[in-house]
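**Student:** My questions will all concern the structure given below.
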Amino acid sequence: MTPAQLNQILADRHPAARALLSPLGERAALPLGIPQQAAQAKDCLRKATIGEITDGAGNPLVLPSLAEHYVGLDLRRAFRYAPQPGQPELRTQWRRRIVEEGVVASLPVVTTGISHAISLCAELFTGPDRPLILGTPYWDNYDNLFTLHAGAPILTYSTYGDDGFYNIAGVKKVLAELEGPATIILNFPNNPTGYSLRTAEVEPLLQLLCAHPHPLCVLLDDAYAGLHYEADVYRRSLYSELVRRADPKKLLVCKADGATKELVFFGGRVGFLTFSADGPAGAALEEKAAALIRATISSGCAASQELVLEALKSPSLPAEVEKVRRILEGRYKALKAALIAEKIPFAPFNSGCFAMLYVQEDCELLRQRLIHEQSVGVIAVPQANALRIAFCSMEEEDIPDLVQRIGRVL
């Protein structure tokens, strides 16, 4: 379809999505290019369309040195180009995994990692006159994806309120200052804080977002989905509850997630972007995202997609994922206990992969001292003058020693 046709579908069926589109988002549409022309000719007897080296019958001429490492995969799919929005079966399987029955959702678009999914949202819905709202401190790559890449201004509120828990009053204040379309990112479990909403905090936040009078894109960065360790934590994505209440005239919900953390497949670079729209509106947003993929990386890695698809089909996958979660829960408890024992102040954390320590001295200077004096590597968070500890990458038995070494410098 043409950009004008896609934009009209959104105007008719999802007015919020239409109002939120950036100038780039308005222009995005898949042209009748090589992949589309090849798809139209897929049933022809003689196919001389796509520039893939095959045997003439659609099978890739796979080098044995590569094929021997992909035993059990469908080499026809793993070694040929993936479609711009991703392998169709993988998209369907992932949708079943993340979306509850009866909840409106597009087919997920497969991206090259979760950062790519977030980048697509930045391109589609933000820009110099389309601000991004973030709780501070936030993941530093948001600056690159939204400010450097899309030119969007960032409006902030403190993630923690005066009571040390989620600052809903701060969200309300920054939303009240808006006069037009905007995007807000909700990242739970959070990077760098390791904080997730408690169940009691969910309802007030949902009411606030759904009552906002201007077009709003709520981007759920669910990169660390499922990594929860306390009983009072809200353990599901906000997607389903938010979409059930969302007025498509005012609110678009986007969900960015992937195999990176959920399936512990960091090198696979398989992410997903899902929109709170189905039917023609969902298809229009999928095409716009696919057009941006075509305009940058052309298509994602087919072999990684095939590996994720096979994993999703495995009946043992839930138990395998839970085993990893329990390992991280042990590390989480060990870290919290060690910080308390050493009397080191920390920001509230209850999930994910990280904990954050507020410090009195300059955090970057402390980071350097930890490297050179204690052989300890952590991340400086200048936004909060804090240090981030990634307990996900440490053995549980090594965590007390880590904290003791940090304590010597603090």
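**Student:** Tell me, please, whether a residue that is assigned to a loop (DSSP other than H, G, I, E, B), in contact with a strand residue (DSSP E or B) (Cβ under 6 Å, 6 or more places away or on another chain) and either of a type in the set (Gly, Ala, Ser) or surrounded by fewer than 17 Cβ atoms within 10 Å (Cβ to Cβ) (or both) can be found in segment 47-65. Give the derivation first.
**Tutor:** Quick first cut of segment 47-65, residues assigned to a loop (DSSP other than H, G, I, E, B) only: 47-53, 55-59, 61-63.
Okay, now just the ones that are also in contact with a strand residue (DSSP E or B) (Cβ under 6 Å, 6 or more places away or on another chain), so none.
So far as segment 47-65 goes, no, none of its residues is assigned to a loop (DSSP other than H, G, I, E, B), in contact with a strand residue (DSSP E or B) (Cβ under 6 Å, 6 or more places away or on another chain) and either of a type in the set (Gly, Ala, Ser) or surrounded by fewer than 17 Cβ atoms within 10 Å (Cβ to Cβ) (or both).
**Student:** Is it true that some residue in segment 66-89 is assigned by TED's automatic domain parsing to the domain that holds Arg294, modelled with pLDDT under 95 and among the acidic types (Asp, Glu)?
**Tutor:** No: zero hits.
**Student:** For Ile344, are the conditions met, namely being modelled with pLDDT of 95 or more, surrounded by 14 or more Cβ atoms within 10 Å (Cβ to Cβ) and more than 25 Å from Asp257 (Cα to Cα)?
**Tutor:** In short, yes.
**Student:** Follow-up question, since we're still on this one. Which number in (1) more than 23 Å from Ser158 (Cα to Cα); (2) among the small types (Gly, Ala, Ser); (3) crowded, with 21+ Cβ neighbours inside 10 Å marks the one condition that Gly330 misses?
**Tutor:** (3)
**Student:** Among Lys255, Lys249, Lys261, which is in the same structural domain as Leu307 (by TED's automatic domain parsing), farther than 25 Å from Gly161 by Cα, in contact with a Pro (Cβ under 6 Å, 6 or more places away or on another chain) and basic (Lys, Arg)?
**Tutor:** After applying the criteria, what remains is Lys249.
**Student:** Can you work out which of the residues in segment 362-410 that are in contact (Cβ under 8 Å) with a residue 24 or more places away in the chain, over 18 Å from Ala337 (Cα atoms) and among the charged types (D, E, K, R) is surrounded by the most Cβ atoms within 10 Å (Cβ to Cβ)?
**Tutor:** Result: Arg369.
**Student:** Look at segment 259-289 and say how many of its residues are of a type in the set (A, V, I, L, M, F, W, C) and surrounded by fewer than 23 Cβ atoms within 10 Å (Cβ to Cβ).
**Tutor:** 5
**Student:** Given (1) touching a Lys or Arg at 6+ places or on another chain (Cβ under 6 Å); (2) on the phi > 0 side of the Ramachandran plot, identify the lone condition not met by Ala281.
**Tutor:** Failed condition: (2).
**Student:** Just one of (1) assigned to a helix (DSSP H, G or I); (2) modelled with pLDDT under 95; (3) not aliphatic (A, V, I, L, M) trips up Cys44, so point out which.
**Tutor:** Every condition holds for Cys44 apart from (1).
**Student:** Pairs under 8 Å by beta carbon, first residue within 21 Å of Ser393 (Cα to Cα) and aliphatic (A, V, I, L, M) in segment 298-326, partner in a helix (DSSP H, G or I) and at pLDDT 95 or above, six or more apart or different chains?
**Tutor:** Val321/Glu262
**Student:** Sticking with this structure for a sec: Please verify whether Pro35 is at pLDDT 95 or above, within 19 Å of Met1 (Cβ to Cβ) and not hydroxyl-bearing (Ser, Thr, Tyr), treating the condition exactly as stated.
**Tutor:** no
**Student:** Given the conditions (1) closer than 27 Å to Cys353 by Cβ; (2) among the hydroxyl-bearing types (Ser, Thr, Tyr); (3) in contact with a Leu (Cβ under 8 Å, 6 or more places away or on another chain), report the number of the one that Ser106 does not fulfil.
**Tutor:** The number of the failed condition is (1).
**Student:** Moving on. Exactly one condition in (1) of a type outside the set (Gly, Ala, Ser); (2) within 26 Å of the chain's Cα centre (by Cα); (3) assigned by TED's automatic domain parsing to the domain that holds Gly282 is not met by Asp12; state its number.
**Tutor:** Exception for Asp12: condition (2).
**Student:** Separate question: Which one of the conditions (1) assigned to a strand (DSSP E or B); (2) surrounded by fewer than 21 Cβ atoms within 10 Å (Cβ to Cβ) does Gly135 fail to meet, given that it meets all the rest?
**Tutor:** Of (1) assigned to a strand (DSSP E or B); (2) surrounded by fewer than 21 Cβ atoms within 10 Å (Cβ to Cβ), only one is false for Gly135: (2).
**Student:** In segment 141-162, which residues are at pLDDT 95 or above, in a loop (DSSP other than H, G, I, E, B) and within 18 Å of Asn187 (Cα to Cα)?
**Tutor:** Hit for segment 141-162 is Thr159, nothing else.
**Student:** Restricting to helices (runs of 4 or more DSSP H) lying wholly in segment 163-264: which have 1 or more residues that are farther than 26 Å from Ala289 by Cα and touching a residue at least 40 places away in the same chain (Cβ under 8 Å)? So that I can check it myself, show each step before the final result.
**Tutor:** Values: elements: 168-176, 199-210, 239-245, 259-262.
It comes to 168-176, 199-210.
For (1) out of contact with any helix residue (DSSP H, G or I) (no Cβ under 9 Å at 6 or more places or on another chain); (2) within 30 Å of Gln8 (Cα to Cα), each residue gets a yes or a no:
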{"position": "Asp278", "(1), (2)": "yes, yes"}
{"position": "Leu285", "(1), (2)": "no, yes"}
{"position": "Arg294", "(1), (2)": "no, yes"}
{"position": "Ser298", "(1), (2)": "no, yes"}
{"position": "Val321", "(1), (2)": "no, no"}
{"position": "Leu335", "(1), (2)": "no, no"}
{"position": "Gly352", "(1), (2)": "no, no"}
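**Student:** For Ser115, are the conditions met, namely being free of Cβ contacts under 8 Å to residues at least 40 places away in the same chain, out of contact with any Gly (no Cβ under 7 Å at 6 or more places or on another chain) and of a type in the set (S, T, N, Q)?
**Tutor:** no
**Student:** Sticking with this one: Please work out which one of (1) in the same structural domain as Ala225 (by TED's automatic domain parsing); (2) surrounded by 19 or more Cβ atoms within 10 Å (Cβ to Cβ); (3) more than 30 Å from Tyr358 (Cβ to Cβ); (4) in contact with a Phe, Trp or Tyr (Cβ under 9 Å, 6 or more places away or on another chain) is the condition Glu123 fails and give its number.
**Tutor:** (4)
The values are calculated or read from the model by the stated rules, or taken from the named source; none is laboratory data. Everything numeric in this text was worked out from a predicted model, so none of it was measured. Because the Cβ atoms are built from the backbone with ideal geometry, glycine has one as well, and the counts that use them run over all protein chains shown.
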